[in-house]
Ligand SMILES: C[S@@+](CC[C@H](N)C(=O)[O-])C[C@H]1O[C@@H](n2cnc3c(N)ncnc32)[C@H](O)[C@@H]1O
Ligand code: SF4
């Protein structure tokens, strides 16, 4: 059954961190539209902020993130001055209209910032936006960047969640991906953030990397589990060399094939669950008491550009080049080029250049896709109550999939459409069945599993 499904659903599909997905953004949403959406925020609105640091001091060959290698700090310092300008402009537009519930520093590597710049960035944000008491601050950490001064700086800005990139502990794999990182360094950082009061620690692990085998993945997972992370993100390596040229440094002959990838995923997932973690969505695991597990159980898990989140803010403001903002009206994305971004924001401009305004149909499909990705299920009653006639139309499509599709993609269980357990690894492909833009799109995506 699984093989049949894999054959049928082994297509390349989006990761659905938004709907419509980013390849369908267009220039109709520009800085003027973005400004209007920022100005339309209201007093009681809660905001999440995402800040992108598009630099690393070395480049990992597997990386698909929007980042650039720099051996000197001057470009980073100059970039920070521009980021402060953007923060001042956007903060000015939303003053009195919304308060910040969560901040996420991502990249690239936010931890390549000098400790005093980490602290300064935290202060600039708190001076430019109103923060809710207890706002969550999360940071992506490159463990090799870390020292005591950076750990102290993260504590000083009130970091509550830390996400460490691990990928794999096997030296042969690490060499092939240009990412050498010892277990001891990783452990020192986990201990360092915990001793400074960080509530939740996540580790990023990958399967499907060059030279990975079931044995090496199992061994990495076992080592990672000894660190007792609160969460684990287990991603399939996305090999997209047409999009990220440095991935051509990875010889495709070293990559595990689709069946081996699937086996690695299954084995790793089982080992993590056997240690008492709850499986969350497609690729996350959390201890039962962690906020992500609580949200999953309550049906309040969400999916945004950072992946699965318990953050329930309707408004996400992305700052920095390539960052995506999400409003009730739609999505807006900043220009990707750091130099163009700097020219624009240094003059007090807004950097949004593309996006999409949501139609009613987009909202219904987006809701179904988000629920499938988060809960592997959605309620027919909820669908119709929320979206009326537009919901009815999608209800017909869902019923037809549940009743007539020979491969079991959806089943009816009471009033709920449920993805059966054996089809769950292919939920991206099932979500794609509800994606109106998918058939016609020319975008290239990574493999579904
Ligand atoms: C911005 S990095 C994390 C922070 C820091 N730069 C680091 O590497 O430790 C985000 C994460 O995305 C994941 N990632 C990057 N490229 C990927 C790819 N090609 N396929 C799957 N996951 C990838 C990695 O697990 C990585 O830890
Ligand atoms: S994985 Fe992290 S450290 Fe490596 S290049 Fe990508 S963003 Fe930089």
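Is the shape of the range 22-78 rounded, prolate or oblate, going by the alpha carbon gyration tensor and its root eigenvalues a ≥ b ≥ c, with a/c under 1.5 for rounded and a/b larger than b/c for prolate?
Details: a/c = 2.54, a/b = 1.91, b/c = 1.33.
Prolate.
Under the rule of -39500 (n - 2.57) per DSSP H run of 4 or more residues, summed and divided by the residues of the chain, what mean residue ellipticity at 222 nm is obtained, to the nearest 500 deg cm²/dmol?
Details: 14 runs with 174 residues, N = 449.
So the helix-based figure for the chain works out to -12000 deg cm²/dmol.
Under a crude label model (7 Å from the Cα following the beta-carbon direction), how far is residue 340 from residue 260 in nanometres?
Between residue 340 and residue 260, the label points sit 4.0 nm apart.
Using 0.36 nm per residue, how much length does the chain from residue 248 to residue 187 gain when fully extended, once their Cα-Cα distance is taken away? Can you show the working numbers first?
Details: separation 61, 0.36 × 61 = 21.96 nm, distance 3.09 nm.
In short, 18.9 nm is gained.
Let a ≥ b ≥ c be the square roots of the eigenvalues of the Cα gyration tensor of the range 234-355; is it rounded (a/c under 1.5), or, if not, prolate (a/b larger than b/c) or oblate? Intermediate values should be presented prior to the final figure.
Values: a/c = 3.36, a/b = 1.31, b/c = 2.57.
Cα axes put the range 234-355 in the oblate bin.
Using a simple spin-label model with points 7 Å from Cα along the Cα→Cβ vector, what separation in nm is obtained for residue 175 and residue 439?
5.0 nm
With each label point set 7 Å from Cα along the Cα-Cβ vector, what nm distance links residue 199 and residue 267?
Computed distance between label sites residue 199 and residue 267 equals 3.6 nm.
For the chain, take the alpha-carbon Rg, divide it by the Kirkwood Rh, and send me Rg/Rh.
Values: Rg = 21.4 Å, Rh = 22.7 Å.
Here the Rg-to-Rh quotient is 0.94.
Pick out which of 414, 192, 276 has the largest mean-square fluctuation in a Gaussian network model of the chain, springs linking Cα atoms closer than 10 Å.
In this elastic network of the chain, the residue with the biggest mean-square fluctuation among 414, 192, 276 is 414.
How many angstrom lie between the C-alpha centres of the range 219-269 and the range 297-354?
With the range 219-269 and the range 297-354 each reduced to a Cα centre, they are spaced 27 Å.
Which residue fluctuates the most in the chain, going by a Gaussian network model with Cα springs under 10 Å, if the choices are 431, 269, 402?
Among 431, 269, 402, the largest GNM mean-square fluctuation belongs to 402.
Relative contact order for the chain: what percent, with Cα pairs under 8 Å and sequence separation of 6 or more? Intermediate values should be presented prior to the final figure.
On the way: 819 pairs, mean separation 95.0, N = 449.
Reported as a whole number, the value is 21 percent.
For the chain, what is the percent of antiparallel DSSP beta bridges, rounded to the nearest 5? Provide the component values of the computation, followed by the final result.
Details: 26 of 64 bridges.
Once the DSSP bridges in the chain are tallied, antiparallel ones form about 40 percent.
Mind telling me which of 344, 111, 248 comes out most flexible in a GNM of the chain, alpha-carbon contacts under 10 Å?
Comparing 344, 111, 248 in a Gaussian network model of the chain, the most mobile one is 248.
Roughly how many whole Å is it from the C-alpha centroid of the range 378-397 to that of the range 417-433?
18 Å
Sorted from fewest to most neighbouring beta carbons within 10 Å, what does the list 220, 70, 95 look like? Present the calculation step by step, with values, prior to reporting the outcome.
On the way: 220 25, 70 18, 95 11.
Going from sparsest to densest Cβ surroundings: 95, 70, 220.
No lab work stands behind these numbers, since they all come straight from the coordinates. Remember, predicted model here, so these are calculated numbers, not experimental data. Don't worry about glycine lacking a Cβ; one is built from the backbone with ideal geometry, like all the others, and counts go over all protein chains shown.
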